[in-house]
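Structure first, commentary second.
The values are calculated or read from the model by the stated rules, or taken from the named source; none is laboratory data. Predicted model, so just to flag it, every value in this text is computed and none were measured. Counting neighbours? That spans all protein chains shown, and the Cβs are built from the backbone with ideal geometry, glycine included.
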Number of protein chains: 2
Amino acid sequence: MGIENRIFNKDLLSKITTADEAAKLIKDGMIVGASGFTPCGYPKCVPLALAKRIKEGEKIRIGLYTGASVGVELDEALAEVNAISKRLPYQTGKIINKRINDGDMLYLDIHLSQSAQQLRYGFLGKMDVCIVEAVCIMENGGIVPSTSVGNTPTFIQEADKVIVEINTSQPMELVGMSDIFIPADPPVRHPIPITDVSQRIGTPYMPCDPRKIVAIVECDITDKTRPLGALDEESKAMASHLIDFLKSVYGNKLPPLQSGVGDVANAVMAGLVHSDFENLKCWTEVIQDSMLDLIDIGKLTAVSGTSLSPSPDGLKRFYDKIKEYRNKIVLRPQEISNNAEMARRLGVVAMNTALEVDIYGNSNSTHMFGTRMVNGIGGSGDFSRNAGLTVMLTPSVAKRGAISRVVPHVAHYDHTEHEIHVIVTEQGVADLRGLDPKEKVPVIIEKCAHPDYRDMLWDYYNRAKKEVGGHIPMLLDEAYSWHVRFNETGTMKM
Amino acid sequence: MGIENRIFNKDLLSKITTADEAAKLIKDGMIVGASGFTPCGYPKCVPLALAKRIKEGEKIRIGLYTGASVGVELDEALAEVNAISKRLPYQTGKIINKRINDGDMLYLDIHLSQSAQQLRYGFLGKMDVCIVEAVCIMENGGIVPSTSVGNTPTFIQEADKVIVEINTSQPMELVGMSDIFIPADPPVRHPIPITDVSQRIGTPYMPCDPRKIVAIVECDITDKTRPLGALDEESKAMASHLIDFLKSVYGNKLPPLQSGVGDVANAVMAGLVHSDFENLKCWTEVIQDSMLDLIDIGKLTAVSGTSLSPSPDGLKRFYDKIKEYRNKIVLRPQEISNNAEMARRLGVVAMNTALEVDIYGNSNSTHMFGTRMVNGIGGSGDFSRNAGLTVMLTPSVAKRGAISRVVPHVAHYDHTEHEIHVIVTEQGVADLRGLDPKEKVPVIIEKCAHPDYRDMLWDYYNRAKKEVGGHIPMLLDEAYSWHVRFNETGTMKM
């Protein structure tokens, strides 16, 4: 079908080129920005062409900045050829993950709402090029994002050059779904003028000086979104506990919901399908399948996020009824979707998953045993610190019970007891609001820990209280003994 | 002089009573709010009367909620008689500190900006009474705060009954210095309409239904503010390093400054007196002596905080030239002064002190050796997460070198590597902006650690990298070995 009819600025038609030619604009040592937030709306053809060149022997390593994780054609293809020297602010993928943990790649784990402003503030170096997947280019050079917005508006503003991939698998009906607003920087920053989830305050395109656009490439590779796991009993139990708890706190009128990425988050939203909540709204990062279900049955009336992130089936459903969904969904820059100002103003209920929590209510969301990066902190810190109610979810055990996810002391700290109000496992809900650390311990152990580990947690706590005391009793030489035991014996159990 | 001429609502004259009578309104088991933030603007006569009754044998224990720490007549007097069952959100004082660490008192360490809304949201129970130090009472019942605002506006709104202490040592010229604005709660919360430090958006008094005022007491006890330590060489060196660094980042135009409580913070501001910065503004919590110095020499043009907290000498100076200072200073509720929305909008430089930091740039600001509460997280989390630039300051060693304040792994986490941009010790400045964890290590060790501990830190890190690897190399069984060694031998040194 060609992309000429998606380029409304006719001067830019001369910039149409091949992915191979466009990829040549990426040089060794550059900082490259790319659109994309989860495997949605990221460039595909140009990164694949770049990876091919490197595979054929050219030496290129780049800093790669995106909105969050992206799809395999970008992160995995470039990580495979070890072409990424520095990566931020979030990632998912076997190969890239191994590169990070093997020390082949630097990785900055930044609160997602802060990455764009840190680039503008000069903390992250000068961006040379950015590659943007687009639906179309407006007459004024404005670029319409496809299935995610992420950090792209700021990347376009900050990069010297812009490469556009017009993706013909992304329907033109996406035009009008995004709302692009970049806050001015201090000292002239103004309030973000949003007081309701569905409010629009910006433009439907990402402003771009057309002279910056150095190449336009046609692409038809579809978003490689990830299939969702089947709803397991554990996730269903967590969802059910949490929904009952929310009902007890808010009655029938829930604040806007933020729900993290992945199966557990999707299960929570799925649990709402069969609840009697009505008029739900989501102020969140990513829009997953169960939100589409909730829209379909009329329970979810407005969703604001920075990315669609449905399963392959969900994406097909979305495309099929795009005009309908578009009325309910706004995609915003992650600087807005995840902004502290907005989470606090709207009083969102923030629901994110932890790798492990401890008896005092701290959480580790990123580093297995303190060391191995899993994905990243993502937006969880943006929301957890500023939400009206902050909930962390985790199954009580992993590896068939060999790992307790409730431990004496988490091995890495992402969210502290100062901001976590509620912990949910399949065992139950620990309501920590208004509790002192020592009041939290019994609630977390009895409501959230797996029964196999409760006595061990009590033993640790009782000895810490007796032997050390203080505001937060802690045995320094045993704090990580559970983690050490697992490494030595394959189980945290004694 | 009497207080009748400070009560402009003449119906309320009938409520004038003694401190002893007013104190009888406080019953066992109540939740009591009190004005005050640092030893400024807290009630004195009624708490002393209450403490006296308890000393004489009456059994009363209360939950005590304030803005932050308060003066000895409140916290220490009541802690001495073990009359506080639960305390929030911050404290300072030998007796109260011992009560917390001995387990005699529950203590909730809450981000200061969030305490008022948590009370309104129902997380902290129902407030029975609040005791407010005031300059005067307006005709409409509105109460004019004295030297701090803190959480008092919300306490007045939430408490069933209000006891007012009109303090005649607080001059009437304080009227007009405060700007009271309580944000509406979600879903009808609007942007905080402040875009500049000195902007006023509210009323000069704290609104109060006059029917809630059940007692008015005359008091003339002065604020027991704390003397500042002499500027030591260590603090001067930290200030000098930081000021040089700020110059390199911002040139001559600094963003609004937030500066924590205490001697180090005061030293940093004092360092600015002799710098060539002009037109400084502070968006901060507490207003200390060196800010008055900066106003005196015309370098500081506007200060917004929630409390005056000068030394006794500084307070005298302030009173002497109150009309002049009042033009430059706005006191706001801590929900506004510390609000995430404001810190981010204004792009403040947040400067707070740590107890210890680790080689990856995490900080412990509250718990000695993970266990013993010092003061609390206070507002440091409000600012550090949301500032334009986040700085943590700490001397490199304590106890004459026996404790390194740069350790392999901090024993308690208040601020994480995700949000700390700069660490300053008397040794130098570690600029961590844009660095991956493994890039941070050499910078922190070489620029900030004390030379006596550098080899030990390198040894830990190199072995962790070799033996464990990963994104954040960590030796689980040695993470706290330095703290353990100190407990066993009296020094962290080998």
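Results, tabulated for the structure shown:
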read-out: Number of the condition not met by B:Ile472 [criteria: (1) at the interface with chain A (Cβ under 10 Å from one of its Cβ atoms); (2) among the hydrophobic types (A, V, I, L, M, F, W, C); (3) out of contact with any Gly (no Cβ under 8 Å at 6 or more places or on another chain)]; value: (3)
read-out: The range A:120-135, residues that are more than 21 Å from A:Gly305 (Cβ to Cβ) and in contact (Cβ under 8 Å) with a residue 12 or more places away in the chain; value: A:Arg120, A:Tyr121, A:Leu124, A:Gly125, A:Lys126, A:Met127, A:Asp128, A:Val129, A:Cys130, A:Ile131
read-out: Candidate set from the range B:422-469 (those that are buried (at least 19 other Cβ atoms within 10 Å of the Cβ) and at positive phi); member that is nearest to the other protein chains (Cβ to nearest Cβ); value: B:Gly434
read-out: Some residue of the range B:63-70 being touching a Lys or Arg at 6+ places or on another chain (Cβ under 9 Å), farther than 25 Å from B:Gly381 by Cβ and surrounded by fewer than 24 Cβ atoms within 10 Å (Cβ to Cβ); value: no
read-out: Check on B:Ile100, in contact with a strand residue (DSSP E or B) (Cβ under 7 Å, 6 or more places away or on another chain), at pLDDT 95 or above and farther than 19 Å from B:Asp179 by Cα; value: yes
read-out: Residue in the range A:35-89 that is farthest from the chain's Cα centre (by Cα), counting only those that are over 18 Å from A:Pro145 (Cβ atoms) and among the small types (Gly, Ala, Ser); value: A:Gly57
read-out: Candidates A:Arg99, A:Arg200, filtered to the one that is surrounded by fewer than 16 Cβ atoms within 10 Å (Cβ to Cβ) and farther than 30 Å from B:Cys282 by Cα; value: A:Arg200
read-out: Members of the range A:165-195 found to be without any contact (Cβ under 8 Å) to a residue 60 or more places away in the chain and within 13 Å of chain B (Cβ to nearest Cβ), listed by number; value: A:Ala184, A:Pro186, A:Pro187, A:Val188, A:Arg189, A:His190, A:Pro193
read-out: Subset of the range A:63-92 that is aliphatic (A, V, I, L, M) and assigned to a loop (DSSP other than H, G, I, E, B) - its residue that is nearest to A:Pro153 (Cα to Cα); value: A:Ala68
read-out: Scope the range A:358-414; condition more than 19 Å from the chain's Cα centre (by Cα), away from chain B (no Cβ under 12 Å) and in a strand (DSSP E or B); matching residues; value: A:Val397, A:Ala398, A:Ile403, A:Ser404, A:Val406
read-out: Residues satisfying the stated conditions in the range B:338-353, i.e. surrounded by 24 or more Cβ atoms within 10 Å (Cβ to Cβ) and either on the phi > 0 side of the Ramachandran plot or of a type in the set (A, V, I, L, M, F, W, C) (or both); value: B:Ala340, B:Met342, B:Ala343, B:Leu346, B:Val348, B:Val349, B:Ala350, B:Met351
read-out: Filter pass, A:Ile60 being modelled with pLDDT of 95 or more, part of a helix (DSSP H, G or I) and of a type outside the set (Phe, Trp, Tyr); value: no
read-out: B:Gln199 being polar (S, T, N, Q) and within 14 Å of chain A (Cβ to nearest Cβ); value: yes
